[in-house]
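Written below as structure tokens is the structure these notes are about.
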Amino acid sequence: MSTGPSGLHTVAAALRTARGHGVDRLDAQALLSAVLRQPRAWLLAHDEAALDGEAQTRLQALLERRAQGEPLAYLLGEKEFFGLPLAVTPDVLVPRPDTETLVEWALELLPANGRARVADLGTGSGAIALALARHRPLARITAVDASAPALAVARGNGERLGLAVEWLESDWFEALAERRFELIVGNPPYVAEGDVHLKALRHEPPQALTAGADGLAAIRRIVAEAPARLTAGGWLLLEHGFEQAEGVAGLLAKAGLQEIATRRDLGGRQRCTGGRVQSGQLSCPR
Ligand code: GLN
């Protein structure tokens, strides 16, 4: 892309130029609004406002990166999830609206005044854990991630939002010793290695996206270990790929979980599957 500064001298010209280079209108507005430190509504009323040289240079670089497919969230350093403004960096997966399905399901299971213990596996930016902490302030939420840089992003989000979550560096359950939870949730990597969609996801951390030849390697591991980590009657809810519902339900059944169900995301795709350890069942600590 060759955005000449000449095309970026005013708000209206900049938005026109961005469009000419294939950058979505809302994305271009968001980037311009970040560069000018003005709300989006201001842009609409100030078509002819001038951009100084520095603003033009910065905008040009951002438009080029966006045109190359870098997620808007990384360029802005922020993404909203479940009403929470979260800082994001390329160390974490960009939180998706699809994952709100999982949060809503978890909130239905968590009593408003209960002190349930909850684990969020592979927390990334902290999105799921923080949404649950915001809406269930009495729940005791532990969020783990195998990536220290991701965990730093998540911890920073918790601090900035004033939400209490216990952050632990852990490869799935590894650092959780013998702890048990009433609810275990997670959005693990579930894309198959070599999947065609990975090209569009190339700016995001591969370890947050891919899991073995069928995409189920991480889910398989979590499901196998989950029953021993759940209290009697406890639930496991996992996000997965839109073609994996049957596979995940099968894994849950094989692990002895019951009341297995699948929920759809906002796009109508099967996106989350969960089940619970039978109430009153004595699960043996490993
Ligand atoms: N939902 C992501 C996608 O765009 C994948 C997230 C994940 O693997 N957990 O496919």
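The values are calculated or read from the model by the stated rules, or taken from the named source; none is laboratory data. Keep in mind that this is a model prediction, so the values were computed, not measured. Ideal geometry is used to build each Cβ from the backbone, glycine not excepted, and the neighbour counts take in all protein chains shown. Remember, those area values only see protein heavy atoms, side chains included, never the ligands or the DNA or RNA. Shrake-Rupley method; radii C 1.70, N 1.55, O 1.52, S 1.80 Å.
Those strands (runs of 3 or more DSSP E) of the stretch 193-286 in which at least 3 residues are of a type in the set (A, V, I, L, M) and within 30 Å of T89 (Cα to Cα), considering only elements entirely within it, cover 230-239. Applying the criterion of being open to solvent by 10 Å² or more (accessible area, probe 1.4 Å) and either under 22 Å from Y190 (Cβ atoms) or among the aromatic types (F, W, Y) (or both) to the residues of the stretch 149-164, the residue that is nearest to the chain's Cα centre (by Cα) is V153.
Which of the residues spanning the stretch 113-122 are within 15 Å of the ligand (Cβ to nearest atom) and open to solvent by 10 Å² or more (accessible area, probe 1.4 Å)? Once the filter is applied, which keeps residues that are within 15 Å of the ligand (Cβ to nearest atom) and open to solvent by 10 Å² or more (accessible area, probe 1.4 Å), the stretch 113-122 yields only G122. Here K199 meets each of (1) within 16 Å of the ligand (Cβ to nearest atom); (2) basic (K, R); (3) at pLDDT 95 or above with one exception, condition (3). When P85, P90, P97 are checked against the criterion of being away from the ligand (no atom under 15 Å from the Cβ), surrounded by fewer than 17 Cβ atoms within 10 Å (Cβ to Cβ) and under 23 Å from V23 (Cβ atoms), P85 stands alone in meeting it.
In the stretch 239-253, the residue that is most open to solvent (accessible area, probe 1.4 Å) out of those that are farther than 7 Å from T273 by Cα and either among the small types (G, A, S) or in contact (Cβ under 8 Å) with a residue 40 or more places away in the chain (or both) is A253.
For P188, the criteria (1) open to solvent by less than 10 Å² (accessible area, probe 1.4 Å); (2) within 16 Å of the ligand (Cβ to nearest atom); (3) part of a helix (DSSP H, G or I); (4) not aliphatic (A, V, I, L, M) hold in every case but one, which is (3).
Residues that are out of contact with any helix residue (DSSP H, G or I) (no Cβ under 6 Å at 6 or more places or on another chain) and either of a type in the set (F, W, Y) or part of a helix (DSSP H, G or I) (or both) within the stretch 107-127 comprise E108, L109, A127, listed in sequence order.
Comparison of G194, G256, G212, G233 shows that the only residue that is open to solvent by less than 50 Å² (accessible area, probe 1.4 Å) and more than 26 Å from P111 (Cα to Cα) is G212.
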